[in-house]
Structure formats: structure tokens, C-alpha cells
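What follows is one structure encoded as C-alpha cells, with my remarks underneath.
The values are calculated or read from the model by the stated rules, or taken from the named source; none is laboratory data. These numbers come from a predicted model, not from an experiment. With ideal geometry, Cβ positions are generated from the backbone for all residues, glycine too; neighbour counts draw on all protein chains shown.
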Amino acid sequence: MKDVRVLLGDITQSDADCIVNAAKKSLLGGGGVDGAIHKAAGPELVKECATLGGCETGEAKITKGYKLKAAYVIHTVGPVYSGAESDAVLLGQCYTNSLDLAKKHNLHSIAFPAVSTGVYGYPPEKATVIAVEAVKKWKDENRDYRMRVDFYCFSEMMYAQYILKLKNTRY
Ligand code: ADP
């Protein structure tokens, strides 16, 4: 896919216009990537998040990035993996709604963590397929809009999953 990269490392170091946070519904911070983003952004981030009234699963909300290199943070809430068919739909919506919001704010690069694959328990091989397919579909539907997409992986295993899926994706 054009303009799609897989990177191994800490998403808080990303130079994208916006980074995506795998947030909790309260938007008031948590562990994992959420904790890392809040720590790197500084205490102003949670103050802005507190004004947003939370976020439903599959939806996305935007804040400034404060001390991060990224100007904005898009907070999305992934599904807790249950094995139900709705899991995949909701996880796909996390990617699509985040991309829509980035476009709405005229942003041209976005970095995603592997939403739901930590404490929310989504199997990485399933989650990466959903992530790559949702991004591909969005890019196909938004051909006139330039958007660089970075998938940030926090482990070699996750990195390998994305590389495998991207290799098998026709574009
Ligand atoms: P969730 O609650 O959506 O499962 P987690 O934060 O527990 O969210 O995990 C989501 C993914 O983010 C996991 O694959 C985890 O390894 C990864 N992760 C954790 N910290 C970072 C980080 N600093 N940068 C990028 N990815 C991270």
C-alpha cells in the first residue's frame, strides 16, 4: 500500500502529525500505550481529555499533543476481545474513525499502535488483518487525499505479523 509503513518502537517518539491512543472509555488514562502517551504528553493531556465526556468503543476523539512531537492525539477505544463477530467491526471502526478525524483536521500522517492487542486481549494475527484491511479500504475510498500511515509495533512478533499481512495485501 502506498504510504504505509511498519515501524518497531515507541509510538510516543513518532514524528507523524497525529498519533493514535488505544484509550479507555473514560479517556482518563490507563496502562500500556495509553500510559506511555500520557506520560510523554504531560499533564495537560488528561485535563483536555476530561472535557470530552469519554469515548465509546469504536469511536475516536482528538486532542492536542502537548509535549509530544505529534501535534495531535486521536483517542480511540478498541473492543475488549470476546470472540463475537462485533469485535472485528468495532476494531475496524477504530481505524476508520481515526483516519476520518485526521482528515477532517487536515492532517496528512498518522501513527497507530496495535489497538486492543494488549490488555484487551485481541489476538495479534487477527487484529493486524483487521487493521491493514481497514486502512486499505479507507485509502481506496480517499484516493484524492494524501495520508501516510505508520503501524507502530512494540514487539518483533507484532512487527512480523504486520509485514506478513502487508506482503499479502494487493494494492
Ligand atoms: P489495549 O487496551 O487496546 O489492548 P494496550 O496499551 O494494552 O491497549 O496495548 C495495545 C498495543 O500497544 C500492544 O500491542 C502493546 O504492546 C502496544 N504498546 C504498548 N506500549 C506501546 C508504546 N509505547 N508504543 C507503541 N505500542 C505500544
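Listed values, structure above:
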| quantity | calculated |
| --- | --- |
| Segment 61-70, subset within 15 Å of the chain's Cα centre (by Cα) and under 15 Å from Gln13 (Cα atoms), residue surrounded by the most Cβ atoms within 10 Å (Cβ to Cβ) | Ala70 |
| Hits in segment 1-45 (condition: surrounded by 15 or more Cβ atoms within 10 Å (Cβ to Cβ), among the aliphatic types (A, V, I, L, M) and away from the ligand (no atom under 11 Å from the Cβ)) | Val4, Val6, Ala16, Leu27, Ala41, Leu45 |
| Some residue of segment 53-64 being farther than 12 Å from Asn21 by Cα, in contact (Cβ under 8 Å) with a residue 24 or more places away in the chain and not in a loop (DSSP other than H, G, I, E, B) | yes |
| Any hit, segment 74-94, residues being over 19 Å from Ala131 (Cβ atoms) and away from the ligand (no atom under 14 Å from the Cβ) | no |
| Asn106 outside any helix (DSSP H, G or I), at pLDDT 95 or above and at positive phi | yes |
| The lone exception for Lys165 - which of (1) at pLDDT below 95; (2) assigned to a strand (DSSP E or B) it fails | (2) |
| Verdict on Thr76 being touching a helix residue (DSSP H, G or I) at 6+ places or on another chain (Cβ under 8 Å), hydroxyl-bearing (Ser, Thr, Tyr) and in a helix (DSSP H, G or I) | no |
| Odd one out for Ser98 among (1) of a type outside the set (Asp, Glu); (2) touching a Cys at 6+ places or on another chain (Cβ under 9 Å); (3) within 14 Å of the ligand (Cβ to nearest atom); (4) outside any helix (DSSP H, G or I) | (4) |
| Residue count for segment 119-155, restricted to those that are touching a strand residue (DSSP E or B) at 6+ places or on another chain (Cβ under 7 Å) and not aliphatic (A, V, I, L, M) | 5 |
| Considering residues of segment 128-165 that are aliphatic (A, V, I, L, M) and surrounded by 24 or more Cβ atoms within 10 Å (Cβ to Cβ) only, the residue nearest to Ala88 (Cα to Cα) | Ala131 |
| Test for Tyr81: is it crowded, with 22+ Cβ neighbours inside 10 Å, of a type in the set (Ser, Thr, Tyr) and under 22 Å from Cys153 (Cα atoms) | no |
| Unique residue being touching a Lys or Arg at 6+ places or on another chain (Cβ under 8 Å) and crowded, with 20+ Cβ neighbours inside 10 Å when the list is His108, His75 | His75 |
| Output for segment 124-162, where each listed residue is over 15 Å from the mean Cα position of the chain (by Cα), more than 11 Å from the ligand (Cβ to nearest atom) and either outside any helix (DSSP H, G or I) or closer than 21 Å to Ala36 by Cα (or both) | Asn142, Arg143, Asp144, Tyr145, Arg146, Glu156 |
